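Take a look at the structure set out below.
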2 protein chains.
Amino acid sequence: MEEHIESVGKAFVDHYYNLFDSNRPSLASLYHPSSMLTFEGQKLLGTDDIMRKLCELPFDQCLHTITTIDYQPSCFGGAILVFVSGNLQLACQEHPLKFSQMFHLIPIQGTFYVQNDIFRLNYC
Amino acid sequence: MEEHIESVGKAFVDHYYNLFDSNRPSLASLYHPSSMLTFEGQKLLGTDDIMRKLCELPFDQCLHTITTIDYQPSCFGGAILVFVSGNLQLACQEHPLKFSQMFHLIPIQGTFYVQNDIFRLNYC
């Protein structure tokens, strides 16, 4: 069970940040109409609003490097909580930004979608 | 609904860190036998293991200062996700440590317990 969660969580994290860095609009496939994103305190609801926000971020090229990933089973029906910390390197900045992000992944038809997503930059 | 979640989440966060800083053993009242804590990558399951870990941390006096709190409804039955960032000042250190922490709060008999808890220090 624990191995399954780590395997799913790790595959999700790899996939999510790879899409973010290479083809951001395709992240839409990971959200649902009920999904929630809180991005630096701003609340977005549903795939359309979430994708508008992510695609309007004031940078194009970026590279996420993951530092830590923690996984736990959520308490309902195979859902998984994933907690990520890492660096976000923007093409326009010398030093990477540090961030923390959590995802609540819900199983559906053999795959998972993001129901909850909370992102914060870690200011030092 | 949103106001309720923020009200519950804020009250929980205030209560949790107040207990942590003033009477750490009493945090046991917020966990259940099914609760999970991942503390800097170390996995603990159940109130007893969690409390043993929290009470054996290598510092006595500490003070948490909260920088940001984000709340979202979880997708099941009134549960709430809370994502916190802040500073942890130890009596033995000059500079505070920065941390991020998430909680999954489950309603039970008019109150909430912590089902999922993930804590990470943010190294700069």
Handout entry: Separation of the residue B:87 and residue B:42 label points, Cα + 7 Å toward Cβ, nm
Key = 2.6
Exercise for the section: Go through chain B and flag any cysteine with no other cysteine's C-beta closer than 4.7 Å, please. Expected result: B:55, B:62, B:75, B:92
Fill in the blank from the handout: Once residue A:61 and residue A:124 are pulled to full extension, the length gained, defined as 0.36 nm per residue separation minus their Cα-Cα distance, is 20.4 nm
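Quick one: if the Förster radius is 25 Å, what FRET efficiency do residue A:28 and residue B:10 give, using the C-beta to C-beta distance and rounding to 0.05?
Efficiency at R0 = 25 Å is approximately 0.20.
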Practice task
Work out how far the C-alpha atoms of the protein assembly as shown reach from end to end along every principal axis, then list the three figures in whole Å, largest first.
Solution key: 48, 42, 37
Practice task
One decimal, nm, shortest first: give the distances between the label point of residue A:33 and those of the same position in the other copies, each label point 7 Å from Cα along Cα→Cβ.
Solution key: 4.2
Exercise for the section: Relative to the longest principal axis of the C-alpha atoms of chain B, give the angle of the C-alpha long axis of helix B:46-55, reported between 0 and 90° and rounded to the nearest 10°. Expected result: 30
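Give me the percent of the accessible area of the stretch B:2-121 that comes from carbon and sulfur atoms, probe 1.4 Å, all protein chains in place. Could the numbers behind the result be given before it?
On the way: 2870 of 5500 Å².
So the carbon and sulfur contribution to the accessible surface is 52 percent.
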Problem - Of A:78, A:86, A:110, the one that fluctuates the most in a GNM where chain A has Cα springs shorter than 10 Å - result: A:110
Problem - Rounded to 10°, Cα long-axis angle of helix B:2-22 versus longest principal axis of chain B - result: 30
Completion exercise
Distances in nm between the label point of residue B:10 (7 Å along Cα→Cβ) and its equivalents in the other copies, shortest first, are 4.1
Practice task
Please work out the FRET efficiency for the pair residue B:18 and residue A:49, using the Cβ-Cβ distance as r and a Förster radius of 25 Å; give the result to the nearest 0.05.
Solution key: 0.10
Problem - For chain A, built as a Gaussian network whose Cα springs stay under 10 Å, the top-fluctuating residue of A:40, A:56, A:94 - result: A:94
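When the convex hull of the C-alpha atoms of the stretch A:33-124 is computed, what volume per residue in Å³ does it have?
On the way: hull volume 10.8 nm³, N = 92.
Each residue corresponds to 118 Å³ of Cα convex hull volume.
The values are calculated or read from the model by the stated rules, or taken from the named source; none is laboratory data. Keep in mind that what you see is a predicted model, and the values were worked out from it rather than measured. Neighbour counts run over all protein chains shown; Cβ positions are idealised from the backbone, glycine included. Heads up: the accessible areas ignore ligands, DNA and RNA and are worked out on the full protein's heavy atoms, side chains in. Shrake-Rupley method; radii C 1.70, N 1.55, O 1.52, S 1.80 Å.
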